[in-house]
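The values are calculated or read from the model by the stated rules, or taken from the named source; none is laboratory data. In this text the structure is predicted, and so the values were computed from the model without any measurement. Cβ sites come from the backbone with ideal geometry, for glycine too, and all protein chains shown count toward neighbours.
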Amino acid sequence: MVQCEMCGKDVASPSRVKIEGAELDVCDECTDFGTEVRTEESASTSTKYSTSSSSSGSSDSGSSGTSGSSGSSSRPRNDMFDEMDELAQDYDDRIRNARESRSLSQEDLARELNLKASLIRKLERGDTLPSDDVQTKLERELDISLNAGGTDTDEEWDGGSSSGDYTLGDVVKRKD
């Protein structure tokens, strides 16, 4: 038996559903939260990405090119989020601490950056996320980094254990 990746219920045959861009194996009750993913098993779609049915054709192209070209099909696809920097969870504290260490008021910082003081207040409270432009201005002016990478204070969720102690339902809050 498999666990539903939304609620954790044991399911004999889960349905593959796309929920907010993620494909999950869920129980019948949780299928309403997304759209069912249909897998096509026709020859035309499988030959485009398959390495098993067209291995003789790919070995010819692999021998004429570099050996890395045949391995590139096994690489995961790049998506736009791979190249984006993740905003640090404590961005609000970083902004406030850097501003205070320079003895600037919120109004002074806003004036320096040509922003509204209310935006600085919202950023320091964590009420709003900085746009890319505002983030760049803050990082330059305060000489800080608001990205998640490279600091010791960042904590990553380890995803629980493979025994199924955690499910997506344990982490996500549902809208009622």
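Brief remarks on what is shown
- Test: S161 is within 21 Å of the chain's Cα centre (by Cα) and either outside any helix (DSSP H, G or I) or modelled with pLDDT under 90 (or both): yes
- Pairs with Cβ under 9 Å, 6+ apart, first in the stretch 106-130 and without any contact (Cβ under 8 Å) to a residue 60 or more places away in the chain, second of a type in the set (F, W, Y) and surrounded by 18 or more Cβ atoms within 10 Å (Cβ to Cβ): L123/Y91; G126/Y91; L129/Y91; P130/Y91
- Matching residues in the stretch 95-145 - criterion: being of a type in the set (S, T, N, Q), surrounded by 17 or more Cβ atoms within 10 Å (Cβ to Cβ) and farther than 20 Å from D85 by Cβ: Q106
- The residues of the stretch 101-145 that are in a helix (DSSP H, G or I) and of a type in the set (S, T, N, Q), listed by number, are S101, Q106, S118, Q135, T136.
Residue-by-condition table, conditions (1) modelled with pLDDT of 85 or more; (2) not in a loop (DSSP other than H, G, I, E, B):
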{"residue": "G8", "(1), (2)": "yes, no"}
{"residue": "V17", "(1), (2)": "yes, yes"}
{"residue": "E23", "(1), (2)": "yes, yes"}
{"residue": "T31", "(1), (2)": "yes, yes"}
{"residue": "R38", "(1), (2)": "no, no"}
{"residue": "E41", "(1), (2)": "no, no"}
{"residue": "S44", "(1), (2)": "no, yes"}
{"residue": "T47", "(1), (2)": "no, yes"}
{"residue": "T51", "(1), (2)": "no, no"}
